[in-house]
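Right, one structure below, let's go through it.
The values are calculated or read from the model by the stated rules, or taken from the named source; none is laboratory data. Quantities reported herein were computed from a predicted structural model and do not represent experimental measurements. We place every Cβ from the backbone using ideal geometry, glycine too, and count neighbours over all the protein chains shown.
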Amino acid sequence: MNTVASEPIVSFEGITKQYATATAVEELTFSVQEGEFFTLVGPSGCGKTTTLRLLGGFESPSEGVVRLHGEDVSGAPPESRDIGVVFQNYALFPHMTVAENVAYGLKFQEPPGNVSKSERVTELLSLVGLDGFEERDPTALSGGQRQRVAIARALAPGPDLLLLDEPMSALDARLRERLRVEIQALQEELGITTVYVTHDQEEALAVSDRVAVMQDGQVEQVGTPRAVYHEPATRFVAEFIGDNNVFSGTVTDTAGDTLTVDLETTDVTVETSRDISPRDDVVFCVRPEQFSLESGVNQLATTVQSSEFLGWTTRLHLDWHEQELLVRADTELDETVTVSFDPTDAHLVTGGH
Ligand code: ATP
C-alpha cells in the first residue's frame with residue numbers, strides 16, 4: 001500500500017439507498033484512503049453493487065453524503081467524478097477493435113500527460129500485458145484478455161479512483177487467481193486507489209489492503225485481511241470469512257482474563273481481554289488451524305465424518321455433539337479423534353465489552 005494521506009479520497013457518511021421495494025444499503029459509513037486497495041465483500045444481495053454504483057454516481061443516496069476528496073458529490077453525475085469503472089460483463093464493443101475499445105475511454109477526455117490518444121492506447125495495452133493486440137477483435141480474445149482490455153479502457157483517462165465490480169466472475173478458478181495477482185500488481189504499480197467488489201472472501205483476503213464485510217445492506221466490519229480473519233467483530237464475519245468453528249455458551253466463572261464457559265456438554269476455558277461476568281452468554285470462534293490433535297487444555301472428543309485431501313493440508317469434518325467442526329490435519333485418522341485448543345486461540349465475538 002502507498003502512503004496513507006490524512007484526508008480520505010472516498011467517504012461514505014450515513015448512506016442509505018432506498019428503492020420502492022427494498023432498502024439496498026443502510027447507514028453505511030466508511031472511508032477509503034489514497035492509494036488503498038479496498039474491497040467490499042459479502043454474500044449475494046448484501047448491497048455491494050449498490051455501494052459501488054453510489055460511489056460511481058450511477059445512483060444517488062436517499063440519505064447521507066458521499067464525499068470524494070472531501071467534497072460532497074452525492075448528486076453529481078458519473079462524468080464529473082474522475083472515476084474508472086469495470087463491470088462484471090466486460091461490456092466491450094464487439095464491432096470495435098481492441099484499440100478502439102480502449103480509445104473509447106478517451107472519447108470525452110484528453111489523455112493525461114503530453115501524449116496522443118493512440119500513444120496512450122499503446123501504453124495502456126502494454127501495461128495490461130496486451131502489447132500488439134491493437135487490431136484484434138474482442139471476440140478473438142479470451143475472457144481474461146477481454147477483462148484486461150476493459151481495465152485498460154477504464155484507466156485510459158488517468159482516473160484517480162478505479163472501481164471494479166466482480167471483474168472476474170465470468171472466469172474459471174485458475175484464471176481468476178492469475179488475474180487477481182495481475183490486478184493487484186497493476187494497482188501497486190500505478191498506486192491508484194481501487195474499490196473492488198467480490199462475493200469471494202478468499203479473493204478479498206488475497207488482494208486487499210482493507211476489506212469491508214457487508215451483510216443485509218450494512219457494514220459489519222472494516223479492517224485489514226488479517227484483522228477480519230483473526231479478530232472478527234461479529235458472528236457473521238466469523239462465519240463468512242474463512243473456515244471457522246463457532247461456539248456459544250454461558251460463562252460460569254472468571255479468573256482475571258480466563259473464563260470458564262459451559263458449552264452444555266463440556267466446560268472449556270477461554271482467554272479474553274473483554275469485560276465478562278459469570279452468567280454472561282458468549283460466542284467465540286476457533287480457526288481450523290488452531291486445533292491440535294495432541295491432548296491439551298480444552299479437549300473435545302469427536303467422530304470423524306469425512307476428510308478432504310487438499311494437497312497442502314487435509315480438512316477434517318468432525319462431529320462433536322451434532323456440531324460440525326472443521327480441523328486441519330496432515331495425517332490419516334481413525335474413526336474417533338480428540339482435538340484440543342489453547343484458551344488464547346479462542347476469539348470472543350459476542351459477549352461483554
Ligand atoms: P450480488 O452479489 O448478487 O450482485 P450485491 O451484494 O451486489 O449482490 P445489490 O445488487 O447491491 O447486492 O442489491 C442489494 C439489494 O438491493 C438486493 O436486495 C437487491 O434486490 C436490491 N436492489 C438492487 N437494485 C435495485 C433496484 N434497482 N430496485 C430495487 N431493488 C434493488
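A few remarks follow.
- Among the criteria (1) free of Cβ contacts under 8 Å to residues at least 40 places away in the same chain; (2) more than 28 Å from LEU28 (Cβ to Cβ), the one VAL251 does not fulfil is (1).
- Flag if SER307 is in contact (Cβ under 8 Å) with a residue 24 or more places away in the chain and within 18 Å of VAL339 (Cβ to Cβ): yes
- Within the range 76-94, the presence of at least one residue that is within 11 Å of the ligand (Cβ to nearest atom) and touching a strand residue (DSSP E or B) at 6+ places or on another chain (Cβ under 8 Å) is confirmed.
- Taken over the range 210-239, the criterion of being among the aromatic types (Phe, Trp, Tyr) and touching a strand residue (DSSP E or B) at 6+ places or on another chain (Cβ under 6 Å) is satisfied by PHE236 alone.
- Checking each residue in the range 200-220 for being more than 16 Å from the ligand (Cβ to nearest atom) and either part of a helix (DSSP H, G or I) or out of contact with any Phe, Trp or Tyr (no Cβ under 6 Å at 6 or more places or on another chain) (or both) picks out LEU205, ALA206, VAL207.
- Condition check for GLU7: surrounded by fewer than 18 Cβ atoms within 10 Å (Cβ to Cβ) and either β-branched (Val, Ile, Thr) or more than 16 Å from the ligand (Cβ to nearest atom) (or both): yes
- Once the range 304-338 is narrowed to residues that are exposed (fewer than 11 other Cβ atoms within 10 Å of the Cβ) and hydroxyl-bearing (Ser, Thr, Tyr), the residue that is modelled with the highest pLDDT is SER306.
- Listed by position, the helices (runs of 4 or more DSSP H) contained in the range 86-199 that have at least 3 residues being at pLDDT below 95, surrounded by 15 or more Cβ atoms within 10 Å (Cβ to Cβ) and touching a Pro at 6+ places or on another chain (Cβ under 8 Å) are 143-155.
- CYS46 meets the conditions (1) of a type outside the set (Lys, Arg); (2) more than 8 Å from the ligand (Cβ to nearest atom); (3) under 19 Å from the mean Cα position of the chain (by Cα) in every case but one. The failed one is (2).
- Meets criteria (at pLDDT 95 or above, within 16 Å of the ligand (Cβ to nearest atom) and either in contact with a Lys or Arg (Cβ under 9 Å, 6 or more places away or on another chain) or not in a strand (DSSP E or B) (or both)) for VAL228: no
- Pick from the range 12-26, criterion over 12 Å from GLU59 (Cα atoms) and among the polar types (S, T, N, Q), ranking: farthest from the ligand (Cβ to nearest atom): THR23
- The set of residues in the range 174-202 being within 14 Å of the chain's Cα centre (by Cα) and touching a residue at least 60 places away in the same chain (Cβ under 8 Å) consists of GLN184, THR194, VAL195, TYR196, VAL197, THR198, HIS199, ASP200, GLN201.
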